[in-house]
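Presented below is the structure to which this report refers.
The values are calculated or read from the model by the stated rules, or taken from the named source; none is laboratory data. All values derive from a computational prediction rather than experimental measurement. Cβ: placed from backbone, ideal geometry, glycine included. Neighbour counts: every protein chain shown. Surface areas here come from the heavy atoms of the whole protein model, side chains and all, with no ligands, DNA or RNA. Shrake-Rupley method; radii C 1.70, N 1.55, O 1.52, S 1.80 Å.
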Amino acid sequence: MPAPLSDTLHEWLHVVMRRSMHNLIIYAKEKNHSMAQLNALFRIHHIGACGISDFGEEMGVTSAAASQLLDRLVQQGLVIRTEDPTDRRNKRVALTEAGEAIVQESIAARQGWLDHLAEKLTPAEREQVHASLQLLINSAKNLG
């Protein structure tokens, strides 16, 4: 049977994921973006400019499916395709300023509730939570 701390961590993770995804879905609906489009923008944001096949591999889809998704993002002005400077036969994709703005807005939408949560805590509770989370962060980083 898991220890009480493990149970609490699982419950906290469940709350965080549920609240974060809920806010992200609302953002996507308000901005008329599909979750696949947001996922693609996040992937490009994290891996940086990349080839279409690399993007497809990162997304777990075929190059053809990746290319279709990228076509829509290019049409919306969120992604730009350029020639690969090392091999002109290949194309590279990168976020435009508008694409990067959507990534940043969606992060803010997904995480905004955390600010409201922190505001509800007393200063002493904030210090206690901060210290505890720093301990967890440091321990998690050291897991390897």
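Some values worked out for this structure:
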{"quantity": "All aspartates and glutamates inside 15 Å of residue 29 as judged from Cα atoms, apart from same-chain residues fewer than 8 positions distant", "calculated": "105"}
{"quantity": "Enclosed volume per residue, in Å³, of the convex hull spanned by Cα atoms of region 1-58", "calculated": "116"}
{"quantity": "Surface share of carbon and sulfur [accessible, 1.4 angstrom probe, percent] for the chain", "calculated": "57"}
{"quantity": "Neighbour net charge for residue 86 - beta-carbon separation under 15 angstrom, K R +1, D E -1", "calculated": "0"}
{"quantity": "Whole-number accessible area per residue in Å² for region 1-141, which is evaluated in the context of all protein chains at 1.4 Å", "calculated": "69"}
{"quantity": "For the chain, the fraction of alpha-carbon pairs in successive 10 Å shells from zero, as %", "calculated": "10, 30, 27, 21, 10, 2"}
{"quantity": "Between helix 123-141 and the chain: long-axis angle, C-alpha atoms, 0 to 90°, nearest 10", "calculated": "50"}
{"quantity": "Pair residue 7, residue 49: separation of 7 Å Cα→Cβ label points (nm)", "calculated": "5.3"}
{"quantity": "Relative contact order computed over region 18-111 (Cα-Cα under 8 Å; 6+ residues apart), in percent", "calculated": "35"}
{"quantity": "Per-residue [θ]222 nm for the chain (sum of -39500 (n - 2.57) over DSSP H runs n ≥ 4, rounded to 500)", "calculated": "-24500 deg cm²/dmol"}
